[in-house]
Amino acid sequence: MDDEPAVTIADTRPGTVVLLHGHGDDPDSVRSVGSAVAPAGWRVSVPHGPAITTGSRRAWWRSDVDGAPVAGDVDDAIAVVDDVLAGLAGAGPVVLGGFSQGGALALALAVSDRAPTSPLAGAFAVGAWLPDLVAVPTDLAAAAAHAMPVLIAHGTDDDDVPLLLGRSAARLLDRHDVPVTFVSLDVGHDLSAFTATVTDWLAAVARGERPRLAP
């Protein structure tokens, strides 16, 4: 794997990390990780997924009997993230990230053909995959043209989301010239294990770089 020369991003103002929680998580459980990885001066936003499971635990979408995402849930999830991003328009760079199902949604939105209110400065996903969501058509050519950096991090011992899914997503993005960095660690399905990885990658993005370390 070879590093490519960094490319400067014009907007160097303090920005925001929008971090999407996983399926069945308490949204506040990822807030401490978001605060730990955010560059100095950056804000952290932790939206709550709309599909309620039990108590304070939520999901971005439920699945039907065939395992496919419930379309209405996906629409609601997109609306939540869109509202957050719209509120951040013009307030500096925004990086959208997530863990597990939240990471899958972050990846899907990052490489979609939908025009965001404010272009993302980057996207990252931990223990996730690139889902096929009808409500979020993929446009890898547009993602490559924008040259938005993407980080995909995955545990080699992940029993919830197999490593192959994360690696395959990274390879797909790399083949389409999206500047993707793929990192694996000998851990399970664990967001906090990648705190240092995400911190270093976000610091590079905040410096105006587009890091790339292909799988």
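The values are calculated or read from the model by the stated rules, or taken from the named source; none is laboratory data. Since we're looking at a predicted model, the values are computed, not measured. No Cβ is skipped: glycine too gets one built from the backbone with ideal geometry, and neighbour counts run over all protein chains shown. The area values use the complete protein model at the heavy-atom level, side chains included, leaving out ligands, DNA and RNA. Shrake-Rupley method; radii C 1.70, N 1.55, O 1.52, S 1.80 Å.
Pick from region 57-77 the residues that are buried (at least 21 other Cβ atoms within 10 Å of the Cβ) and closer than 21 Å to Leu120 by Cβ: which of them is modelled with the lowest pLDDT?
So the residue we want is Val74.
Is there any pair with a first residue in region 192-215 that is among the β-branched types (Val, Ile, Thr) and a second that is open to solvent by 40 Å² or more (accessible area, probe 1.4 Å) and in a strand (DSSP E or B) whose Cβ atoms are under 8 Å apart and which are 6 or more apart or on different chains, and what are they?
Listed pairs, sorted by first residue: Thr197/Leu185.
Looking at region 38-54 only, could you name the residues that are outside any loop (DSSP other than H, G, I, E, B) and open to solvent by less than 60 Å² (accessible area, probe 1.4 Å)?
Correct list: Val44, Ser45, Ala51.
Within region 133-151, how many residues turn out to be at pLDDT 80 or above, part of a loop (DSSP other than H, G, I, E, B) and either touching a strand residue (DSSP E or B) at 6+ places or on another chain (Cβ under 8 Å) or crowded, with 17+ Cβ neighbours inside 10 Å (or both)?
Looking only at that region, the number is 3.
Quick check on region 116-123. Is at least one of its residues touching a residue at least 12 places away in the same chain (Cβ under 8 Å) and assigned to a strand (DSSP E or B)?
Yes.
Please indicate, with yes or no, whether at least one residue in region 176-194 is over 23 Å from Ser29 (Cα atoms), part of a helix (DSSP H, G or I) and open to solvent by 50 Å² or more (accessible area, probe 1.4 Å).
no
Which of the residues that make up region 55-96 are of a type in the set (S, T, N, Q) and assigned to a loop (DSSP other than H, G, I, E, B)?
If the condition is that a residue be of a type in the set (S, T, N, Q) and assigned to a loop (DSSP other than H, G, I, E, B), then Ser56 is the only one that fits.
Among the numbered criteria (1) modelled with pLDDT under 85; (2) of a type outside the set (A, V, I, L, M, F, W, C); (3) touching a strand residue (DSSP E or B) at 6+ places or on another chain (Cβ under 9 Å), which one does Pro5 miss?
Every condition holds for Pro5 apart from (3).
For Leu172, all conditions in the list (1) assigned to a helix (DSSP H, G or I); (2) within 26 Å of Ser35 (Cα to Cα); (3) open to solvent by 20 Å² or more (accessible area, probe 1.4 Å) hold save one; what is the number of the exception?
Among (1) assigned to a helix (DSSP H, G or I); (2) within 26 Å of Ser35 (Cα to Cα); (3) open to solvent by 20 Å² or more (accessible area, probe 1.4 Å), the lone unmet condition for Leu172 is (2).
Quick one: which residue in Phe99, Phe194 is closer than 21 Å to Ala59 by Cα, modelled with pLDDT of 95 or more and of a type in the set (Phe, Trp, Tyr)?
Phe99
Restricting attention to region 8-37, report how many residues are assigned to a helix (DSSP H, G or I), among the small types (Gly, Ala, Ser) and either modelled with pLDDT under 90 or closer than 16 Å to Pro211 by Cα (or both).
At the first step, the residues of region 8-37 found to be assigned to a helix (DSSP H, G or I) are 27-37.
Next cut, among the small types (Gly, Ala, Ser) only: 29, 32, 34-36.
Checking which are either modelled with pLDDT under 90 or closer than 16 Å to Pro211 by Cα (or both) leaves us with 29.
Of the residues in that region, 1 qualify.
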